[in-house]
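Structure first, then comments.
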Amino acid sequence: MAEMKRFECLRCDHRYMAEYDRKVTVERTCPSCGSNSVKLESKKPAKKPAGNTNTASAKG
Amino acid sequence: MMDVGRHPKIKTLVNSEVEEVSGFVGNFRARIRRNPRYVVAEDCTACDECARVCPVAVPDEYQQGFSSRKAIYLPFPQAVPSAYILDMENCLGSEPIACGRCAEVCEKKCIDFDDQGEVLEVPVGSIVVATGMKVYDPRMNDEYGYTRFDNVITSMEFERLICAGGPSAGHLVRPTDRRTPKRIGFVQCVGSRSATRGVPYCSNICCMNTVKQTLQIHEHYQDASTTVFYMDIRAFGKGFEDLYRRSRDNGTRYVRGLPGNVEEDPETRDLVVTVENTTTGKLEQHRLDMLVLAVGLEPHKGNGKKTVDEILNLSHTSDGFVLEAHPKLKPVDAPTRGIFFAGCVEAPKDVKDSVTQASAAAARALNLLGAGKVQVEAITAMLDTEQCIMCGVCTRVCPVNAITASNKKQKQFPSIIEAACAGCGTCAAECPTDTIAMRHFSDAQILAQVEAILAEDRMSKILTFACNWCSYAGGDMAGTSRLQYPPSVRLIRTMCSGRVDEKFIWHAFRLGAPLVLVSGCHFSDCHYIDAVTWTQKRVEKVWSRMEKLGIRPGRLQLEWISAAEGQKFARVMRELHEHLHRVTPAEVEETIRILEKQPPVPGRSKTAVAAATA
Ligand SMILES: [Zn+2]
């Protein structure tokens, strides 16, 4: 069953809602920058990502 | 068609559907359902006695509904076999027999109301897919008043009207009053070349079909006037420009612009077409007796429960046409060896191109069978049963069904059918115990490339895995198109992005790669059917693991780039070059430190494998 989930673009950091069905793998494209590096947003990152603090802030 | 029907070595199964195909090149097995015909074709002499007494009349599909046929009928005059068929849906009934007049008059006694059809299992060495095309249905959007005005017809319908074997014996008549139309208009690109109505691609044949039809009209009716409304005329084939010129010389007027409005005069049933002539910039009104819509083509994927794509595991492009193994080098081959394409199932094409392609497909199929052996490229997978835990992953992920299933109870290991293996490497990448190795694009080769790239000046490099067919070719396209992209990109070619094993990615990060890109074909273009979906799942898994370990997932990027997308390739590489500056040496060092404590594939320790497969 498809449900709405939050996705984050690993290229431009844009966050958006889209349909998600665990059983179906679909090609995803960031609506903001067109990248395919789109990751299902996890509820809580286990650890704070190391090193870089210079990433662009989330837009969406 | 007659020659085919008579050929001693060609068996024709009409009124049949392929339900399932199993096996591999040289050893396919097709399950074919022959639907009941209710007439013994071998005995039928096509005397027409049965049709004469049949009381049922229904619209004749072959004549586009312009005339009727009986419930028992010959589908069309040149049908092979030349035998009648009973349309049971429209027959008055056979259980119990409600009419039975056809059976009464048939001297040969070839009507068989008890025909149940049959299921055949046929062994075949190669398969040619030639399921053809269907035309765009103008009813969906009521194109140019097609559903409201009877004198608006499609090019297919026009073809029947002007044909000597058609419902009016070749006399062009308009549907409302059976009068010969004197003013005939043609509208081009109906259902083609539109992002919102029909299909976005050019249907290839419509321009020349219209040119031909205008010539036919002027040949038969010297006093007729013809007008073609078009966006641009594509007369690109041999002799086509000449035909187009002849059409103009014969008096056909070509108006550059598609009608904005079509109305019908309720008294005369004439059509009033309003169009902006984009050459003159003026609004024109045309009063016509008949308007012909040059409808576009769409791929036809069969009439059965499953489409031909599903039966043969074929990939297709975004427009629905089947995808060839290589657009230039293997234009009639399917990615699955032993399967070939002919005609419009591959792309819209005219008769000449269809015949050319069919000849090529037949030659390719014959070549294969004549050789008796299949030469396999040395890129196939190998399986070492010693390490195999019979988890079944390889069988599940193989896009071409080249790996037989294992059976733990019977201690039966999976095995690779080398003749069927296409060498995508998805099995090798997914195998949790590294039981499967590739003959080429091996782990050792790819890991060595990773090491070589990162040996020096690693902070200025974007390690990119690119699949042979699409993203690598997209890079080539960028190069040949002289598109600039930063020199930081370092490519490692694999046959399919499905080959990119997690351990290649982790190895790169362990060696201090600041940024890794996995790139492959768009889902609809994947040359290994659905192997690309495994790439995405795998990258998602690595992202999630990176996050858990405290490594920024953005350092692993994913991109689908087709062979034609040179511009996208260059743009992505420019973007990633910018991205590269976000990664600091400290971040890379921290990643190396984190991964030092992890197994080669984090999360895939021996115990994890055992747990995952238990
Ligand atoms: Zn984005």
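Burial annotation for the range B:532-575: residues with an accessible-area loss of at least 50 Å² between the isolated chain and the complete set of protein chains, computed on heavy atoms with a 1.4 Å probe, are B:TRP543, B:GLU547, B:GLY550, B:ARG552.
If you take the square roots of the eigenvalues of the alpha-carbon gyration tensor of the range B:488-614 and sort them as a ≥ b ≥ c, do you get rounded (a/c under 1.5), prolate (a/b over b/c) or oblate? Since a/c reaches 1.5 but b/c is at least a/b, the shape of the range B:488-614 is classed as oblate. Can you give the angle from 0 to 90° between the axis of helix B:351-371 and the longest principal axis of chain B, with both taken from C-alpha atoms, to the nearest 10? On a 0 to 90 degree scale, this one is about 50. The antiparallel fraction among DSSP beta bridges confined to the protein assembly as shown stands at about 60%.
When only Cα pairs below 8 angstrom with a gap of at least 6 residues are kept, the range B:134-298 shows a relative contact order of 31 percent. Interface area, chains B and A: about 2300 Å² of buried accessible surface, summed, with a 1.4 Å probe and ligands, DNA and RNA left out.
Over the range B:110-229, what percent of the accessible surface lies on carbon and sulfur atoms, probe 1.4 Å? Within the range B:110-229, the accessible surface is 50 percent carbon and sulfur.
Taking amide H atoms as placed 1.01 Å from N in the peptide plane, the amide H of B:ARG253 lies under 5 Å from those of B:THR226, B:THR227, B:VAL228, each 5 or more residues away in sequence or on another chain.
Simple point charges give the picture: +1 on the Cβ of Lys and Arg, -1 on the Cβ of Asp and Glu, and for the protein assembly as shown a dipole about the Cα centre of about 2360 debye.
Averaging the Cα positions of each part gives two centres, and for the range B:298-317 and the range B:175-249 these lie 30 Å apart. Overall, the accessible surface of the range A:3-42 at a probe of 1.4 angstrom is composed of carbon and sulfur to the extent of 47 percent.
Modelled spin labels at A:LYS43 and B:GLU276, positioned 7 Å past Cα toward Cβ, are 5.6 nm from each other.
Considering only B:VAL18, B:HIS316, B:MET390, whose Cα is most displaced toward the positive end of the charge dipole of chain B, charges sitting on Cβ of Lys, Arg (+1) and Asp, Glu (-1)? Going by the Cα projections, it comes out as B:MET390. Using a probe radius of 1.4 angstrom, the carbon and sulfur fraction of the accessible surface of the range B:381-597 is 52%.
What net charge do the residues around B:PHE523 carry, taking every other residue with its C-beta under 9 Å from that of B:PHE523, with Lys and Arg at +1 and Asp and Glu at -1?
Details: positive: none; negative: A:GLU27, B:ASP525, B:ASP530.
Taking every other residue near B:PHE523 into account, the sum is -3.
Which whole-number value in Å² is the accessible area per residue of the range A:3-42, probe 1.4 Å? Present the calculation step by step, with values, prior to reporting the outcome.
Values: 2010 Å² over 40 residues.
I get 50 Å² per residue for this part.
Across chain B, Cα pairs under 8 Å and at least six residues apart give a relative contact order of 10 percent. Quick one: angle between helix B:443-454 and the longest Cα principal axis of chain B, in degrees between 0 and 90, rounded to 10, please. Helix B:443-454 and the main axis of chain B meet at about 70 degrees.
Quick check: from the Cα gyration tensor, does chain B come out rounded (a/c under 1.5), prolate or oblate? Note, shape of chain B comes out oblate.
A simple rule links phi to the HN-Hα coupling: the Karplus curve 6.51 cos²θ - 1.76 cosθ + 1.60 with θ = phi - 60°, which for the range A:5-13 gives 10, 8, 10, 10, 8, 7, 9, 10, 6 Hz, with x for Gly and Pro.
Between B:ILE72, B:ILE205, B:GLN449, the Cα set farthest toward the positive side of the dipole of the protein assembly as shown (charges on each charged residue's Cβ, about the Cα centre) is that of B:GLN449. Quick check: net charge around B:ALA361, other residues with Cβ under 14 Å of its Cβ, Lys/Arg +1 and Asp/Glu -1? Combined, the nearby Lys, Arg, Asp and Glu give 0. Run the numbers on the range B:585-603: which residues show a drop of 30 Å² or more in accessible area, chain on its own versus all protein chains together, using a 1.4 Å probe over heavy atoms? So the qualifying set is B:GLU587.
Given +1 on the Cβ of Lys and Arg, -1 on the Cβ of Asp and Glu, and no further charges, what dipole in debye does chain B carry about its Cα centre, rounded to the nearest 20? Write out the running numbers ahead of the final one.
Values: 74 positive and 75 negative charges, 312 e Å.
It works out to roughly 1500 debye.
Here the calculated FRET efficiency for B:LYS238 and B:ALA363, from their Cβ-Cβ distance with R0 = 22 Å, stands at 0.55, rounded to the nearest 0.05. Listed values for the range B:117-122 are Karplus-derived 3J(HN,Hα) couplings in whole Hz (6.51 cos²θ - 1.76 cosθ + 1.60, θ = phi - 60°), namely x, 7, 10, 10, 10, 10, and x replaces Gly and Pro. Among the listed pairs A:LYS23/B:LYS409; B:LYS238/B:LYS328; B:LYS238/B:LYS352; B:LYS503/B:LYS597; B:LYS11/B:LYS70, a Cα-Cα separation exceeding 18 Å is found for A:LYS23/B:LYS409; B:LYS238/B:LYS328; B:LYS11/B:LYS70. Estimated purely from DSSP H runs of n ≥ 4, each contributing -39500 (n - 2.57), the mean residue ellipticity at 222 nm for chain B is -8000 deg cm²/dmol once divided by its residues. Scanning chain B for trypsin sites (Lys or Arg not before Pro) that sit in a DSSP loop and have at most 10 other Cβ atoms within 10 Å, the longest stretch containing none of them is B:483-596. Please report how far the C-alpha centroid of the range B:372-443 lies from that of the range B:354-368, rounded to the nearest whole angstrom. Their Cα centres are 31 Å away from one another.
Just the accessible area per residue of the range B:53-183, please: how many Å² with a 1.4 Å probe?
Details: 6830 Å² over 131 residues.
In whole numbers, the range B:53-183 has 52 Å² accessible per residue.
DSSP loop (so not H, G, I, E, B), at most 10 other Cβ within 10 Å: list which GluC sites (Glu not before Pro) in the range B:1-89 pass both filters. Taking the range B:1-89 and a limit of 10 other Cβ atoms within 10 Å, the loop GluC sites (Glu not before Pro) found are B:GLU42, B:GLU89. In whole percent, what relative contact order does the range B:500-580 give with Cα contacts below 8 Å and a gap of six or more residues? Relative contact order here is 36 percent.
Using Cα atoms only, what is the angle between the long axis of helix B:566-580 and the major principal axis of chain B, expressed in degrees (0 to 90) to the nearest 10? Compared with the principal axis, the helix lies near 30 degrees. Surface analysis of the range B:315-403 yields an accessible area of 50 Å² per residue, using protein heavy atoms and a 1.4 Å probe.
Is the range B:381-597 rounded, prolate or oblate when judged by the Cα gyration tensor, a ≥ b ≥ c being the square roots of its eigenvalues, rounded requiring a/c under 1.5 and prolate requiring a/b larger than b/c? Intermediate values should be presented prior to the final figure.
Numbers: a/c = 2.25, a/b = 1.41, b/c = 1.60.
Verdict is oblate for the range B:381-597.
Candidate cross-link partners of B:LYS330 among the aspartates and glutamates, defined by an alpha-carbon separation under 13 Å and a same-chain spacing of 8 or more, comprise B:GLU346.
The values are calculated or read from the model by the stated rules, or taken from the named source; none is laboratory data. On a predicted model such as this, the values are computed, not experimentally measured, just so you know. In this analysis, Cβ positions are derived from the backbone assuming ideal geometry, glycine residues included, and neighbour counts consider all displayed protein chains. SASA here: full protein model, heavy atoms, side chains in, ligands and nucleic acids out. Shrake-Rupley method; radii C 1.70, N 1.55, O 1.52, S 1.80 Å.
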